[in-house]
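Here is the structure we will look at.
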């Protein structure tokens, strides 16, 4: 059986997902499902496919290791910034950075790595005319050195920096916890992240 080549955008996305090294069996299952979804659906980007679509999200850290989360208006829970790709966006990092900027107002977001931090598929409940569907989320770790500049957007009711010891009571799911731990390790590996003067003295939002 001959496998036809994918268009450039999907091929780029597929290569990125295929090269990721999953941390556990759950992430490996989601990785395999993402690859199958890309192969099966020409409209895997954007948001036109009613079954699901790729999204990009960002775990935004400050130099002190705090994590920025927003209270999502529709889902009513603390989540990382992120959202749907634009049809012309074939790089989920581009989506993650754009969404993080739009939802937090931060303008200095720098990727801790150009490679995905984590992969996760989660179900979005139906709302109005939109049926329940999957978000195939590609997650990245971003760093800001201006945490005090974060501002609430129209998509959230609140925006707050959390120290890692404060995260336990937020009801984060296992996949997000996995990504948080990966992000902390990624941040710790940065040679200058912890030396910035904008760390723990920054006001909490």
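Among 37, 61, a tally of other beta-carbon atoms within 10 Å of each Cβ gives an order, fewest to most, of 37, 61. Placing a label point 7 Å from the Cα of residue 35 along the Cα-to-Cβ direction, the residues of region 84-125 with a backbone N closer than 20 Å are 91-93, 115-122. Springs between Cα atoms under 10 Å define the GNM used for the chain, and in it the highest mean-square fluctuation of 97, 178, 127 occurs at 127. Each 10 Å bin from zero holds the following percent of Cα-Cα pairs in region 135-177: 17, 44, 38, 0.
Its Kirkwood hydrodynamic radius, worked out from the mean inverse distance over all distinct Cα pairs, puts the chain at 17.4 Å. Measuring r between the beta carbons of residue 149 and residue 114 and using R0 = 22 Å, the FRET efficiency lands at 0.40. Averaging the sequence gap over all C-alpha pairs within less than 8 Å and six or more residues apart, then dividing by the number of residues, gives the chain a relative contact order of 25 percent. Residue exposure proxy: 71, 78, ordered by other Cβ atoms within 10 angstrom of their Cβ from fewest to most, comes out as 71, 78. For region 102-188, pairs of C-alpha atoms spaced more than 18 angstrom apart make up 59 percent of the total. Sorted largest first, the spans of the alpha carbon positions of region 7-51 along the three principal axes are 30, 22, 14 Å. Mean-square fluctuations from a GNM of the chain, with a 10 angstrom spring cutoff on Cα atoms, peak among 166, 130, 27 at 130. Classify region 1-80 as rounded, prolate or oblate, taking a ≥ b ≥ c as the square roots of the eigenvalues of its Cα gyration tensor: rounded when a/c is under 1.5, otherwise prolate if a/b is larger than b/c and oblate if not. Since a/c reaches 1.5 and a/b is larger than b/c, the shape of region 1-80 is classed as prolate. Here the chain carries DSSP beta bridges of which approximately 70% are antiparallel, counting only pairs with both residues inside. For the residues 156, 15, 57, a GNM of the chain with alpha-carbon springs under 10 Å puts the largest fluctuation on 15.
Which parts of region 112-138 would a label at residue 26 reach, counting a residue when its backbone N lies under 20 Å from a point 7 Å out along Cα-to-Cβ? It comes to 116-125, 133-138, nothing else. Based on the reciprocal of the average 1/r between different C-alpha atoms, the Kirkwood radius for region 20-121 equals 14.7 Å.
Modelled spin labels at residue 163 and residue 132, positioned 7 Å past Cα toward Cβ, are 3.9 nm from each other.
Laboratory data are not the source of any read-out in this text; all were calculated from the coordinates shown. Owing to the predicted nature of the structure, the values given are computational and were not obtained by experimental measurement. Cβ coordinates were reconstructed from backbone atoms using ideal geometry, including for glycine residues, and neighbour counts include every protein chain displayed.
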